[in-house]
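Laboratory data are not the source of any read-out in this text; all were calculated from the coordinates shown. This is a predicted model, so every value here is computed, not measured. All Cβ positions, even for glycine, are placed from backbone atoms using ideal geometry, and neighbour counts span all protein chains on display.
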């Protein structure tokens with residue numbers, strides 16, 4: 001080996017040792033920082049609770065995100081996720097709320113707070129329904145989540161509100177089917193509208209839209225000159241919704257079409 005090659009090798013070894021020292025010192029520095037930070041966990045946790053009491057939810061969510069990363073093994077870790085989900089919910093950051101609840105329920109499916117986290121998840125979808133004019137995916141998700149909450153925790157303190165919200169969601173979905181059915185009628189597509197009105201009769205029969213759906217079906221079938229089917233829906237109206245104004249109206253079209 002030439003003198004030049006020896007010097008090159010020596011220089012390379014020197015830089016390798018130097019890099020190793022720097023990396024090790026960096027690790028030591030990070031460790032020292034982490035240990036120092038760990039010592040302040042309770043102080044930060046107490047600070048977060050104060051921020052939440054003052055309704056400074058954005059600040060608390062940011063701190064909780066850091067605590068979640070730095071203290072994954074902490075006994076307080078589940079509480080960090082709960083408070084983080086709550087903070088996001090209070091600032092109407094519903095996507096972040098949903099993601100946090102999913103994370104919590106994945107890690108702690110049998111926690112005593114699982115019903116609360118499922119309720120927050122369902123409410124996060126529910127609160128977005130008003131913004132979903134055409135897309136009903138969030139409405140369906142809200143329905144699914146409230147149904148799951150009631151199935152898993154029928155005696156939960158949130159079950160009463162869940163049932164109430166679920167009834168409203170079902171009515172929204174039924175009304176949407178009615179609107180689409182009427183839209184198809186305006187386009188002179190009676191067969192497409194029939195499908196929508198039948199959906200209401202089959203899946204949303206306990207909603208205020210159901211009697212109207214039966215009436216609309218009877219009216220369409222009369223117009224299509226399928227009298228037997230029209231009369232079948234009028235009989236259903238008589239049997240199930242005899243006090244409804246749509247029932248009385250159906251007898252009017254029956255009289256008109258059977259003169």
Problem set entry | Binned Cα-Cα distance frequencies in segment 37-124 - 5 Å width, integer % | 3, 16, 28, 24, 20, 8, 1, 0
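If you count, for each residue, the other Cβ atoms within 10 Å and average over each peptide, how do 171-177, 146-152 line up from highest to lowest? Write down the numbers at each step before the final one.
Numbers: 171-177: 19.7, 146-152: 17.6.
Per-residue Cβ counts within 10 Å, averaged per peptide and sorted highest first, yield 171-177, 146-152.
If you wrap a convex hull around the C-alpha atoms of segment 38-77 and split its volume per residue, what is the figure in Å³?
Values: hull volume 2.2 nm³, N = 40.
Taking the convex hull of the Cα positions in segment 38-77, it is 54 Å³ per residue.
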For this session: Name the shape class, rounded, prolate or oblate, that the alpha-carbon gyration tensor gives for segment 91-207, where a ≥ b ≥ c are the square roots of its eigenvalues, rounded holds for a/c under 1.5, and otherwise prolate holds if a/b is larger than b/c and oblate otherwise.
Result: prolate
Exercise. Measuring from the lowest to the highest alpha carbon on each principal axis, how far does segment 182-240 reach, largest first, in angstroms?
Worked result: 29, 22, 13
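At 0.36 nm per residue, and after removing the present C-alpha to C-alpha distance, how many nm does the segment from residue 73 to residue 228 gain when stretched out fully? If you can, show how the numbers build up before the last one.
Numbers: separation 155, 0.36 × 155 = 55.80 nm, distance 6.90 nm.
That works out to 48.9 nm of additional length.
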Exercise. Using the scaling law 2.2 N^0.38 Å as the reference, what is the normalised Cα Rg of segment 130-259?
Worked result: 1.22
Problem set entry | Fewest-first sequence of 247, 90 by Cβ atoms within 10 Å of each Cβ | 90, 247
